[in-house]
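**Q** The structure that follows is given in the form of structure tokens.
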């Protein structure tokens, strides 16, 4: 620490740039060219995708349990848009689009204890819808996932 006691404008000498090795940074953190960084970026992206897929799978109900619930009178809810639903939907499915779910659920789904099986095109919107309905007090809400997965549940 330098203190300017005399007011003479004295300044400490300029610092020399230190190398990565002197700074204690590992060699893999300071690549010689961009190829090392490209591999790190690619591996990072792959890791993120794998984690997202695993998290998505964790929230899904098994096909066997979904079939059992459906045979016991569960309600199949499609949370895709009205246009998507009109273009193609599953038999016995009720359409409550995600964007109106919070306001429409009480009128369409008055029994908060009834088993609800939700699906959408990919499973992402139905996962959000599950969280919304659970926050609203619905106790038996399950995410089937994608439309294709919901078709497998209905097929057997």
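Every number in this text was worked out from the coordinates using simple rules, so none of it is lab data. The model shown is predicted, which means the values in this text are computed figures rather than measured ones. So basically every Cβ, Gly included, is an ideal-geometry build from the backbone, and we count neighbours across all protein chains shown.
**Q** So how far, in whole Å, is the C-alpha centre of region 131-147 from the one of region 43-118?
**A** So the separation of the two Cα centres works out to 7 Å.
**Q** Here is a further query. Does region 48-156 come out rounded, prolate or oblate by the C-alpha gyration tensor, with a ≥ b ≥ c the root eigenvalues, rounded set by a/c under 1.5 and, if not, prolate when a/b is larger than b/c and oblate if not?
**A** Because its axes are fairly even, with a/c under 1.5, region 48-156 counts as rounded.
**Q** Place the peptides 136-147, 71-82 in order of packing, highest mean first, counting for every residue the other Cβ atoms within 10 Å and averaging per peptide.
**A** So the order, starting with the most tightly packed, is 136-147, 71-82.
**Q** Take the Cα radius of gyration of region 112-156 and divide it by 2.2 N^0.38 Å, with N its residue count; two decimals is plenty.
**A** Here the Cα radius of gyration is 1.13 times the empirical estimate.
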